[in-house]
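The values are calculated or read from the model by the stated rules, or taken from the named source; none is laboratory data. All of these numbers come straight from a predicted model, not from anything done at the bench. Quick reminder, even Gly has a Cβ in these numbers, built from the backbone with ideal geometry, and neighbours come from all protein chains shown. Surface accessibility is based on the protein's heavy atoms, side chains included, excluding ligands, DNA and RNA. Shrake-Rupley method; radii C 1.70, N 1.55, O 1.52, S 1.80 Å.
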Amino acid sequence: MNPVTDALAAAPSLLAVAIAALVSALVTWISRPLLQRYALARPNARSSHRIPTPQGGGIAVITATLLVASIWAAWANVAIPSALLGATVLIALVGFADDIMSLPVLVRLVLQAAAVGAVVFTTPETARIVPALPLALERGLILLAGVWFVNLVNFMDGLDLMTVAEVVPVTAALLLLGWLGELSWPPVLIAAALCGAMLGFVPFNRPVAKVFLGDVGSLPIGLLLGWCLLELAWHGQPAAALLLAAYYLADSTVTLFRRVARREQFWSAHRTHFYQRATDNGFEVPRVIGEVFALNLVLAGLAILTIRAGSTPITALALLAGAIAIAFVLRRFSRPQES
């Protein structure tokens, strides 16, 4: 028997998910009074909430994720990159500072780029997605994509349970890929712990939310999730990584281009993401979250299909099917709901 394989089998993995959920829920419950006092998010014209709500619940999610993943990794003798752990703490601190006192945009971007760069540029040179590109160019593009991904996860965290509806299906799919032997174990450990931590946050964030993640949660979640997907792409499965993140990428990127085309201040807060427009168009919050969750399950299934089939035609069809499913949901969200 292989002790590492035994430590990463289904039963220990599910136990780690459960422990992360319990730790996340406990820390959230304990920290709520302090967040209520020092990190209150007051509603404004661009908000989806109507009453002052504490933000910063991401402290619990990130604490549970890093704690459980690190202990599990030590027990299973699996190495999680120290640069990733340090960068996660750094970007969480940046987010916490921004939750308490708004930081200038340039300061945020520089610190975010430093965190993402610490992860990207400490990765072995053998990890490639497009070997035909010069290494420096590929890593530079990944850095830009990483900063964008960290921010888009933050942008999309604007509705109760929205981040849960994205992160839980993606991380569950990554855990399943680990069991199937299609992904190395370090990202699987992070994904499993993050999945559990998000589940533990559900009781506090379900409509009407008692606490929000805040930037201290959404930014490091974006970093950890982006690294897991990047590891999947480095593992030779870029199409699967793209499919898993496709809804968030589509909603946020299309919205960005629309705002740029309209010459709006695209870096400022707004309510023009498709999921936000859905609530303005008559969709109830649980329905929006339910449709996003269902869409992400479909995308996760397509991602797993591309890996298991190992066929270029099937991969192309899966990408096309994913694009059609996303376009259908975005179109629904952008149109008024019939009474």
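Note on region 47-70: residues that are free of Cβ contacts under 8 Å to residues at least 40 places away in the same chain and within 20 Å of the chain's Cα centre (by Cα) total 1. Among the residues of region 72-84, which ones are part of a helix (DSSP H, G or I), open to solvent by less than 50 Å² (accessible area, probe 1.4 Å) and among the aliphatic types (A, V, I, L, M)? Within region 72-84, 73, 76, 83, 84 meet the criteria.
Evaluate region 127-147: report whether one residue or more is over 25 Å from residue 26 (Cβ atoms), buried (at least 19 other Cβ atoms within 10 Å of the Cβ) and under 12 Å from the mean Cα position of the chain (by Cα). Taking every residue of region 127-147 in turn, at least one turns out to be over 25 Å from residue 26 (Cβ atoms), buried (at least 19 other Cβ atoms within 10 Å of the Cβ) and under 12 Å from the mean Cα position of the chain (by Cα).
Among the residues that make up region 218-238, is at least one of them within 17 Å of residue 289 (Cα to Cα), open to solvent by 20 Å² or more (accessible area, probe 1.4 Å), out of contact with any Asp or Glu (no Cβ under 7 Å at 6 or more places or on another chain) and not charged (D, E, K, R)? Checked against the condition, which is being within 17 Å of residue 289 (Cα to Cα), open to solvent by 20 Å² or more (accessible area, probe 1.4 Å), out of contact with any Asp or Glu (no Cβ under 7 Å at 6 or more places or on another chain) and not charged (D, E, K, R), region 218-238 yields no hits at all. In region 169-227, the residue that is farthest from the chain's Cα centre (by Cα) out of those that are without any contact (Cβ under 8 Å) to a residue 60 or more places away in the chain and closer than 22 Å to residue 299 by Cβ is 181. Just one of the listed residues (83, 115) is in contact with a helix residue (DSSP H, G or I) (Cβ under 6 Å, 6 or more places away or on another chain), within 30 Å of residue 41 (Cβ to Cβ) and modelled with pLDDT of 95 or more, and it is 115.
Taking the listed residues 158, 196, 178, 200, the one that is open to solvent by less than 20 Å² (accessible area, probe 1.4 Å) and modelled with pLDDT under 95 is 178, with no other qualifying. Filtered by the rule that a residue be within 17 Å of the chain's Cα centre (by Cα) and β-branched (Val, Ile, Thr), region 71-93 gives 88, 89, 91. Applying a threshold of 7 Å to beta carbon distances and a minimum spacing of six or more residues, or different chains, the list of pairs starting in region 148-159 at a residue that is over 18 Å from residue 116 (Cβ atoms) and touching a residue at least 40 places away in the same chain (Cβ under 8 Å) and ending at one that is crowded, with 24+ Cβ neighbours inside 10 Å and of a type in the set (Phe, Trp, Tyr) reads 159/275. In region 24-36, the residues that are under 17 Å from residue 68 (Cβ atoms) form Cβ pairs under 7 Å with partners that are part of a helix (DSSP H, G or I) and of a type in the set (S, T, N, Q), at six or more places apart or across chains, as follows: 27/63. Screening residue 135 with (1) farther than 23 Å from residue 196 by Cβ; (2) touching an Asp or Glu at 6+ places or on another chain (Cβ under 7 Å); (3) touching a residue at least 40 places away in the same chain (Cβ under 8 Å) gives one miss only, at (3). Candidates 60, 64: the one that is more than 29 Å from residue 121 (Cβ to Cβ), part of a helix (DSSP H, G or I) and modelled with pLDDT of 95 or more is 60.
Here residue 121 does not qualify as surrounded by 18 or more Cβ atoms within 10 Å (Cβ to Cβ) and at negative phi.
Determine if region 289-310 includes at least one residue that is at pLDDT below 95 and either in a loop (DSSP other than H, G, I, E, B) or surrounded by 21 or more Cβ atoms within 10 Å (Cβ to Cβ) (or both). Yes, region 289-310 contains a residue that is at pLDDT below 95 and either in a loop (DSSP other than H, G, I, E, B) or surrounded by 21 or more Cβ atoms within 10 Å (Cβ to Cβ) (or both).
Screening 206, 263, 259 for residues that are basic (Lys, Arg) and on the phi > 0 side of the Ramachandran plot leaves exactly one candidate, 263. Within region 268-288, the residues that satisfy the criterion of being farther than 16 Å from residue 155 by Cβ and either touching a residue at least 40 places away in the same chain (Cβ under 8 Å) or open to solvent by less than 40 Å² (accessible area, probe 1.4 Å) (or both) are 281, 282, 283, 285, 286.
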